[in-house]
Amino acid sequence: MRRLLLLLALGCAQTSMPVATGGSGGGAGATGGSNATGGSGGSTSTPDASACPPECFRAVRCVTACGGTPVSVGCCPCTPPAFDDISCPRLGAFESFVDGGGSGPCPPNSDCSWSTELQASGLLRHDCSGQFPMAVHEAMVPAAERDATIAVLTDPALVSLLDLGKPPCQPPTDVGETMTLTAGGKKHSNSVTFCQQPPIENARQALNKLVQKYLIDRCPKR
């Protein structure tokens, strides 16, 4: 009986040896080349990596909203809910941007409205609130500042809010503010009264910065 058990033990040991040798051989194959199945399986970092071409005509910018920060940029297709921002609307040439508003009821012989406009030429036009009779003051903005401001005013996230079809926040009834972008012969406009979304606030601040720098002495002191 003991001899039989010893023979069985030796048989099991000999049977398990090729399995161990084969495992280490597979590891060597993975190191030495791509013929080993284990080696090629280990090189796949993501399940859908095969869907990514090695080269692409343009980088795919995956976003979750037009104007949003890309979640990925490369040759791989976007994973829902992200989508390629090439489908987002593209603006034509910038023509002008107007931010204006007012409050009421307005007493006689007083001015309760205001507006700031930046044109493609760099012409800045500002109507001060509380200045009667009404006057529109003008100044030319240097090209570098003009271009930097236009980049803010044409932010795709801002354009999406202007094209929303309804105010992006609940407007009051006694005051109002409207932003209107004209680009490529098309107007993008919406009521933005008291709205605090970053693209809207950035546009306000960019225009106000120009007014403070070039036209501040034209408005009445308060």
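The values are calculated or read from the model by the stated rules, or taken from the named source; none is laboratory data. Everything numeric here is computed off the predicted structure, so don't read it as measured data. Virtual Cβ from ideal backbone geometry, glycine too; neighbours counted across all protein chains shown.
Is there a residue in the range 157-166 that is assigned to a loop (DSSP other than H, G, I, E, B), of a type in the set (Gly, Ala, Ser) and free of Cβ contacts under 8 Å to residues at least 40 places away in the same chain? Don't jump to the end; show me each part of the working.
First, pick out the residues of the range 157-166 that are assigned to a loop (DSSP other than H, G, I, E, B): 163-166.
Next, from what is left, pick out any that are of a type in the set (Gly, Ala, Ser): 165.
Subsequent filtering for residues that are free of Cβ contacts under 8 Å to residues at least 40 places away in the same chain retains 165.
Yes, the range 157-166 has at least one match.
Do you know which of the residues in the range 146-162 that are aliphatic (A, V, I, L, M) and out of contact with any Cys (no Cβ under 9 Å at 6 or more places or on another chain) is surrounded by the fewest Cβ atoms within 10 Å (Cβ to Cβ)?
Within the range 146-162, the subset aliphatic (A, V, I, L, M) is 148, 150-153, 157-159, 161-162.
Pick out the ones that are also out of contact with any Cys (no Cβ under 9 Å at 6 or more places or on another chain) and you get 148, 150-153, 158, 162.
Working: Ala148: 13, Ile150: 20, Ala151: 11, Val152: 17, Leu153: 21, Leu158: 25, Leu162: 22.
Result: Ala151.
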| message | For the structure I just gave you, tell me whether Glu117 is touching a residue at least 40 places away in the same chain (Cβ under 8 Å), assigned by TED's automatic domain parsing to the domain that holds Ile200 and not β-branched (Val, Ile, Thr). | response | no
| Residues that are at pLDDT 85 or above and either surrounded by 13 or more Cβ atoms within 10 Å (Cβ to Cβ) or assigned to a loop (DSSP other than H, G, I, E, B) (or both), drawn from the range 75-89 | Cys75, Cys76, Pro77, Cys78, Thr79, Pro80, Pro81, Ala82, Phe83, Asp84, Asp85
| query | Can you find even one residue in the range 153-163 that is out of contact with any Ser or Thr (no Cβ under 8 Å at 6 or more places or on another chain), under 20 Å from Leu123 (Cβ atoms) and aliphatic (A, V, I, L, M)? | reply | yes
| note | Per the list (1) more than 22 Å from Asp127 (Cβ to Cβ); (2) modelled with pLDDT of 95 or more; (3) of a type in the set (Ser, Thr, Tyr), residue check on Thr173 breaks on (2)
| note | Of the residues in the range 103-139 that are more than 26 Å from the chain's Cα centre (by Cα) and on the phi > 0 side of the Ramachandran plot, the one that is surrounded by the fewest Cβ atoms within 10 Å (Cβ to Cβ) is Asn109
| Search result, residues across the range 176-201 that are closer than 24 Å to Ser121 by Cα and of a type in the set (Gly, Ala, Ser) | Ala183, Gly184, Gly185, Ser189
